[in-house]
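Structure, as structure tokens:
No value in this document is a laboratory result; all are computed from the given coordinates. Just so it is clear, the model here is predicted, and its values are computed rather than measured. Neighbour counts run over all protein chains shown; Cβ positions are idealised from the backbone, glycine included.
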Amino acid sequence: MFARGETIIQLMERLAPKHYAVPDDKIGLQVGSAAKPIGRVLIALDVNAEVVEEATKIGAELIIAHHAVIYRPLAHLRTDTPAGALAASLLRNDIAVYVSHTNLDTADGGMNDWMAEALQLVGREVLEEVHTDQLFKLVVFVPQTHQDKVRAALFGAGAGWIGNYSHCSFNTEGTGTFEPREGTDPFIGKQGKLEHVAEIRIETVVPQSVRKAVIAAMLKAHPYEEVAYDLYPMDLKGRSFGLGRVGVLDTPESLDQFAERVKSAFDVPFVRLVGDGSRQIRKVAVLGGSGGRYIRHASFAGADVLVTGDIDYHTAQDAEAMGLAVIDPGHNAEKIMKAKTAEWLQQQLKEKGYTTEIFASQVNTEPFKLR
């Protein structure tokens, strides 16, 4: 059975929730419709004519891209312009495009974690905080016979985390009362009779990012026809998510040696360096895409080097002056997301019994060439 486009998008937004994106980022469904079964999905860094041709050849009905296909406002949709021709080709071939950009960069287990893992950084922390998951207290009343089942459902959906402690809850015994009225189908008791039931008040913590999933899991596991529960915000700060990662190498190495590591990790033919090649590197900041504006963040975090793309001349001079080395592997280093996203999404679909196939684009969208 093929997954519908909406289902695939819901899975992507479990990995990279839309509220993780920076303000005004161009994300979400940009072209076509997701209201259809999808047999094949193509994961791409960019969407250009070659990528659309690739999608057409493999029969993909949906492209999940990192970079927006519609980034700047369109004053018109003329098919004699590159943007118009691209949109026309997508619509003609009934190919939808969904974009996951800075929300995928920010996500735990997303772009910047993949890049940090590829560089073998340990002890990783966020470089620049973008979003903090608001925490909620969930209170639900459950008959004693079903308390274990409901708690397991809550924890399995992501509730119950406080710092690095999982399965956190507080449980109080009590007596619940209710009288089933006409038209009800009570799990316990009979219509028109006041019932007194031994119940457990379960309290646990729920992050905003999994709130809907936790409530759905709770309702599914709970035996009652009408579930009594409360959900209210907490002042306790939840987990922080953000752009870039800072970590350390197990063993220090020279800037020149580390540059070779960067080339291999991101499969790029060259990098641009700022700094003395013999300098020893231990603490590393990495940020996918254009990260020149984060040189001060990297320096403040104590990084020896910032790995990011699209560094301009004056930013390089500023980094050099503050003693921060820079390695620029280009914006296209983000192509690491193609295989990683495809692998993650295929596994999610397989676990749910869908036969939709996921493909990582083989098109190289790097516009720069060396001569």
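Only lysine pairs 8 or more places apart, or on different chains, with alpha-carbon atoms under 26 angstrom apart are counted in the stretch 134-233, and they number 9. When every Cα-Cα distance of the stretch 33-94 is counted in 10 angstrom steps from zero, the calculated P(r) takes the values 21, 55, 23, 1 percent. On the principal axes of its alpha carbon atoms, the stretch 134-233 extends 46, 24, 22 Å, with the longest extent given first.
Under a Cβ-only charge scheme (Lys and Arg +1, Asp and Glu -1), can you give me the dipole magnitude of the stretch 202-304 about the Cα centre, in debye to the nearest 20? Show your work: numbers first, answer last.
On the way: 14 positive and 12 negative charges, 82 e Å.
Magnitude of the dipole: close to 400 debye.
Toward the positive end of the charge dipole of the chain, with +1 on the Cβ of Lys and Arg and -1 on the Cβ of Asp and Glu, the farthest Cα among ASN112, ILE58, ILE311 is that of ILE58.
In debye to the nearest 20, how big a dipole does the stretch 134-233 give about its Cα centre with +1 on each Lys and Arg Cβ and -1 on each Asp and Glu Cβ? List each step's numbers first, then the result.
Values: 10 positive and 11 negative charges, 70 e Å.
With only Lys, Arg, Asp and Glu charged at Cβ, the dipole is about 340 debye.
Packing around the peptides 295-308, 246-259, 156-169, taken as the average count of other Cβ atoms within 10 Å per residue, puts them in this order, highest first: 295-308, 246-259, 156-169. Taking all Cα-Cα distances within the stretch 220-278, those exceeding 18 Å account for 66%. Computed over all pairs of different Cα atoms, the Kirkwood value for the hydrodynamic radius of the stretch 30-164 is 18.8 Å.
Across the chain, the mean sequence separation of Cα contacts (distance under 8 Å, 6 or more residues apart), normalised by length, yields a relative contact order of 20 percent.
Relative contact order of the stretch 228-328, taken over Cα pairs closer than 8 Å and 6 or more residues apart, is 28 percent. The simple spin-label model puts a point 7 Å past each Cα toward its Cβ; for GLN191 and ALA339 those points are separated by 6.3 nm. Length gained on full extension, PHE170 to ASP148: 6.6 nm, using 0.36 nm per residue less the C-alpha separation. The ratio of the alpha-carbon radius of gyration of the stretch 240-343 to the globular-protein estimate 2.2 N^0.38 Å is 1.01.
What's the extension gain from LEU74 to TYR232 if we count 0.36 nm per residue and subtract their Cα-Cα distance?
Numbers: separation 158, 0.36 × 158 = 56.88 nm, distance 4.21 nm.
Stretched out fully, the LEU74 to TYR232 stretch lengthens by 52.7 nm.
Each Lys and Arg contributes +1 and each Asp and Glu -1, all at the Cβ; summed about the Cα centre of the chain, the dipole is approximately 420 debye.
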